[in-house]
């Protein structure tokens, strides 16, 4: 009975290593606005909830393993969880990077906003869209898909199996490429609009050098960017969430 209890406790701890590693950097769940104690208890609660489902996949005989094997298993589970969380986080990193370019293109780069998901403040437009994208994860129940993905990860990356560095880097690079393609599709209308209006303003300034066209046109450029965001924000958020949901379900 004592051996069975030790196997169960060690199995739950190994589940916590993968779940906690994922939730440490997973989007929305790793926000700086959530206190570390809340995140720790949330990871522990999810681990205990998933234990009846995942203990069979881990197996028995854990307590009889030597310490070196246990340390290797703990490190492997932590790295697996961090890899899963990082793959989801890359979508938000890519979106945040392109939104920074959009803010500078629309002359909003010098207006820092309130930090939402990061410790450092972002431009107001970036903060707004990142906040909407983070809230949409919970509104569309995608956080449950993340938990389902953690359960399914034991079939793709079984317990005790060391992570292949080559395959992990390949998967990361593929994820970076697909994430930046989605972020570029979202930000491309703003960048194209900025190039066109600044080109027109530059030609007008060249034709009438006595008039400071750029200073006069800047408020209208900013207003035009806000109009584009107002009419297309819903489509952009849905496009981003569909790509993120497709990765979670896949």
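The values are calculated or read from the model by the stated rules, or taken from the named source; none is laboratory data. Just so you know, these numbers come straight off a predicted model, no measurement behind them. No Cβ is skipped: glycine too gets one built from the backbone with ideal geometry, and neighbour counts run over all protein chains shown.
In table form, for the structure just shown:
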item: Test for residue 135: is it out of contact with any helix residue (DSSP H, G or I) (no Cβ under 8 Å at 6 or more places or on another chain), surrounded by 13 or more Cβ atoms within 10 Å (Cβ to Cβ) and not in a loop (DSSP other than H, G, I, E, B); result: yes
item: Filter pass, residue 168 being surrounded by fewer than 15 Cβ atoms within 10 Å (Cβ to Cβ), within 30 Å of residue 10 (Cα to Cα) and under 27 Å from the mean Cα position of the chain (by Cα); result: no
item: Residue check, residue 208 farther than 30 Å from residue 51 by Cβ, at pLDDT below 85 and surrounded by 13 or more Cβ atoms within 10 Å (Cβ to Cβ); result: no
item: Matching option when the condition is surrounded by 15 or more Cβ atoms within 10 Å (Cβ to Cβ), in contact (Cβ under 8 Å) with a residue 12 or more places away in the chain, in contact with a helix residue (DSSP H, G or I) (Cβ under 7 Å, 6 or more places away or on another chain) and farther than 30 Å from residue 19 by Cβ, among 179, 217, 183, 232; result: 217
item: Selected residue [over 17 Å from the mean Cα position of the chain (by Cα) and either closer than 30 Å to residue 225 by Cβ or modelled with pLDDT under 85 (or both)] from 98, 1; result: 1
item: Checklist (1) under 30 Å from residue 198 (Cα atoms); (2) surrounded by fewer than 17 Cβ atoms within 10 Å (Cβ to Cβ); (3) at pLDDT 80 or above applied to residue 72, failing item; result: (1)
item: Residue within the stretch 33-44 that is crowded, with 19+ Cβ neighbours inside 10 Å, within 30 Å of residue 139 (Cα to Cα) and in contact (Cβ under 8 Å) with a residue 60 or more places away in the chain present; result: no
item: Looking only at the stretch 193-205, and only at residues there that are without any contact (Cβ under 8 Å) to a residue 24 or more places away in the chain and surrounded by 12 or more Cβ atoms within 10 Å (Cβ to Cβ), the one that is nearest to residue 238 (Cα to Cα); result: 198
item: Filter pass, residue 87 being closer than 28 Å to residue 162 by Cα, buried (at least 21 other Cβ atoms within 10 Å of the Cβ), within 20 Å of the chain's Cα centre (by Cα) and at pLDDT 85 or above; result: yes
item: Residue count, the stretch 119-128 (criterion: more than 11 Å from residue 103 (Cα to Cα) and touching a residue at least 40 places away in the same chain (Cβ under 8 Å)); result: 1
